[in-house]
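Values in this text are rule-based calculations from the coordinates and carry no lab data. Bear in mind that the values here come from a model prediction, so they are computed numbers and not experimental data. Reconstructed Cβ throughout: ideal geometry from the backbone, glycine too, with neighbour counts over all protein chains shown.
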Amino acid sequence: NAGVTQTPKFQVLKTGQSMTLQCAQDMNHEYMSWYRQDPGMGLRLIHYSVGAGITDQGEVPNGYNVSRSTTEDFPLRLLSAAPSQTSVYFCASSFRMGWGPQHFGDGTRLSIL
Amino acid sequence: TQLLEQSPQFLSIQEGENLTVYCNSSSVFSSLQWYRQEPGEGPVLLVTVVTGGEVKKLKRLTFQFGDARKDSSLHITAAQPGDTGLYLCAGITPPNAGGTSYGKLTFGQGTILTVHP
């Protein structure tokens with residue numbers, strides 16, 4: 001099993017550019033989420049989804065959009081990149097919130113110049 | 001906003017020493033998870049504690065969930081260099097009965113542990 005796959009692994013953007021971070025899971029998990037990880041701040045929830053067509057905001061949603069058209073995929077869109085969005089982004093999935101482990105991808109390291 | 005305060009933020013010890021990492025909140029969680037993360041990788045689940053007062057052991061690691069389900073601790077006995085990494089606690093808030101929340105996972109800031117040979 002591939003588990004949770006994130007692409008790209010690294011990306012450098014200029015301020016104002018837009019891009020999509022891809023996340024795919026092959027475990028038929030209902031729950032998927034996006035986090036950003038910054039030094040000293042742990043993982044902060046950006047957006048999450050409890051199933052295809054259902055998404056909700058997390059702790060730090062501003063500047064990001066998500067959609068969930070299929071069970072497998074949960075892309076994260078940066079609308080107009082800002083230096084404050086420089087971070088490491090992790091996608092995670094689980095069968096259901098509160099049931100079993102969150103399976104994380106290996107992250108996307110994003111730098112905004 | 002629910003917060004999980006983790007302490008200490010940094011821990012540097014010698015091989016063979018014991019250590020404890022704390023995870024505290026003013027909120028009650030239905031369960032709590034501990035993850036370990038290595039550089040360049042995503043966090044990996046170590047344990048989930050569900051019942052207040054629960055103690056779980058994983059080899060040299062002992063996890064405890066507070067009686068009120070607001071706090072937890074991770075104790076490592078005789079630490080080894082292979083234990084080096086970032087340890088994260090995460091509290092689970094289940095979906096509410098009113099249907100206004102789907103439930104979420106709240107992470108602490110993490111503890112960076114370095115064990116020197």
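When chain A is described by a simple charge dipole with +1 on each Lys and Arg Cβ and -1 on each Asp and Glu Cβ, the residue from A:Asn62, A:Ala2, A:Met32 located farthest towards its positive end is A:Asn62. Which one, A:Ala92, A:Ala82, B:Ser73, is farthest towards the positive end of the dipole of the protein assembly as shown when Lys and Arg carry +1 and Asp and Glu -1 on their Cβ? Farthest along the dipole direction, towards plus: A:Ala82.
Considering only alpha-carbon pairs that sit under 8 angstrom and 6 or more positions apart, the relative contact order computed for chain B is 35 percent.
If both residues of a DSSP beta bridge must be in chain B, then about 90% of such bridges are antiparallel.
When the alpha carbon coordinates of the protein assembly as shown are projected onto the principal axes, the ranges are 49, 43, 35 Å, largest first. For the segment B:103-113, counting C-beta atoms of other chains within 10 Å of every residue's C-beta and taking the mean gives 6.
Loop-located trypsin sites (Lys or Arg not before Pro) across the stretch B:1-103 with a Cβ neighbour count of 13 or fewer within 10 Å are B:Lys59, B:Arg60, with loop assigned by DSSP. The mean number of partner chain beta-carbon atoms within 10 angstrom of a residue's beta-carbon across peptide A:5-15 is 0. Estimated from the Cβ-Cβ distance and a Förster radius of 25 angstrom, the FRET efficiency linking B:His116 and A:Asp38 is about 0.40. Other residues within the sphere of radius under 15 Å centred on the Cβ of B:Leu32, judged by their own Cβ, net out at +1 (K and R +1, D and E -1). Under the convention that each Lys and Arg Cβ holds +1 and each Asp and Glu Cβ holds -1, the size of the dipole of chain B around its Cα centre is about 300 debye. Size of chain B from its Cα atoms: along the principal axes, largest to smallest, the extents are 52, 31, 21 Å. Working from Cα pairs under 8 Å separated by at least six residues, relative contact order for chain A is 35 percent. Pairwise alpha-carbon distances in chain A exceed 18 Å for 44% of all pairs.
Simple point charges give the picture: +1 on the Cβ of Lys and Arg, -1 on the Cβ of Asp and Glu, and for the protein assembly as shown a dipole about the Cα centre of about 200 debye. For the stretch B:22-88, the Cβ-based charge dipole about the Cα centre amounts to some 180 debye (Lys, Arg positive; Asp, Glu negative; other atoms uncharged).
Per residue of peptide A:40-48, the mean number of Cβ atoms on other chains within 10 Å of the residue Cβ is 5.
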